[in-house]
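Encoded as structure tokens, the structure appears first; notes follow it.
Just so it is clear, none of the values below were taken in a lab; they were calculated from the coordinates. Remember, predicted model here, so these are calculated numbers, not experimental data. As a convention, Cβ positions derive from the backbone with ideal geometry for all residues, glycine included, and neighbour counts pool all protein chains shown.
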DNA sequence: TGTTGACCTTCCCATTGTGGGAGGGTGCAG
DNA sequence: CTGCACCCTCCCACAATGGGAAGGTCAACA
């Protein structure tokens, strides 16, 4: 179904982006301002909804708003070299790989700790004892996601 | 070396927790207030530094401040059942597993997209075309870490 | 003694992305 | 005409951390 005049609620439903976030994206300049009706309501067409869907999808894939902004620009630039897009994607993949490695290392540690803890009524608990022992170069888990 | 009277800077260096964070932890009640000297400076002993090290280590393992708070309470409660600690650790492991699964799914998608993108001067780019295609039940990557 | 520099203190602001809610206007259906 | 479901703009909150300003303190050195 093609509709070229929607309130923000319908655009939200079709794109999967909350109305709150649509307004926010517009505020911070990620999206251009959409036209307003005489009553001040934002007016969305299929074109705008398509952009919102693009944003939703890239966000789901874990790109930051900054990266989404770049991708949007590349998307609308018909002459851009595909190299940039590919690099962005590959950087992102590398980032995910690194974080997964970090998380696996942490899991390994935790599994080791949990294995030696009885987990019953007794108070003896090697986990806590170990937590109290500082490590040398332990670095915090990387944030985001 | 054992020192039982340090400024926040030394306590920070020994524990690996920034002075900024030490004050913050105290503010939000994660840590009890330390004694002050007559000049108003916080005064740390080895005991306090040990607690800070505990916090640092649990933070590095990805526990939230809330969870750290629980672990601290369990740590200082000599009679607590080890069950609680073990459950906390296992919940955390399960959480990490879930997030790794999510991230791997995203990586798989991104790898598929990147494979078909030439990544050269040409503008043709299947990544962007695909990003513009909305998926059905794609859900955002879970945050934290 | 006086100055300098390295500390310490508190307080405020920014970050990232999202949700909640107040207080008010609008529009359609019954 | 009334009620309800929208829409609008603002402000607040989150988690955890860093940055920086404005001011007090202390030790070392000339």
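Between B:99, B:135, B:111, the Gaussian network model of chain B with springs among Cα atoms under 10 angstrom shows the greatest mean-square fluctuation at B:135.
Computed from Cα positions, the angle between helix B:65-76 and the longest principal axis of chain B comes to roughly 40 degrees. In nanometres and ascending order, the distances from the residue A:73 label point to those of the other copies are 4.9 (point 7 Å from Cα along Cα→Cβ). Nearest 10 degrees is fine. How inclined is helix B:82-115 to the longest principal axis of chain B, computing both from alpha carbons? Computed tilt is about 30 degrees. Considering only B:87, B:122, B:23, the mean-square fluctuation computed in a Gaussian network model of chain B, springs between alpha carbons under 10 angstrom, is largest for B:122. The range B:1-66 and the range A:1-66 have Cα centres separated by 46 Å. Per-residue mean of foreign Cβ neighbours for A:59-71 is 3 (Cβ atoms of other chains, 10 Å radius). Residues A:133, A:142, arranged from fewest to most other Cβ atoms within 10 angstrom of their Cβ, appear as A:133, A:142. Projected label points at residue A:90 and residue B:47, each 7 Å from Cα along the beta carbon direction, are separated by 5.7 nanometres. On the basis of the beta-carbon distance and an R0 of 30 Å, residue A:23 and residue B:142 show a calculated FRET efficiency of 0.80.
Residues B:139, A:12 in ascending order of nearby Cβ atoms (within 10 Å, fewest first): B:139, A:12.
Counting only DSSP H runs of at least 4 residues, each contributing -39500 (n - 2.57), and dividing by the residue count of chain A, the helix-based mean residue ellipticity at 222 nm comes to -18500 deg cm²/dmol. Peptide B:112-119 has a mean of 5 when you count, residue by residue, the C-beta atoms of other protein chains within 10 Å of its C-beta. Taking other Cβ atoms within 10 Å as a rough exposure proxy, A:93, B:22 sort from fewest to most as A:93, B:22. Each copy carries a label point for residue B:132 at 7 Å from Cα toward Cβ; from one copy, the others' points are 6.2 nm away, ordered from shortest. Between 0 and 90 degrees, rounded to the nearest ten: what's the tilt of helix B:46-60 against the longest Cα principal axis of chain B? The helix B:46-60 is inclined about 10 degrees to chain B.
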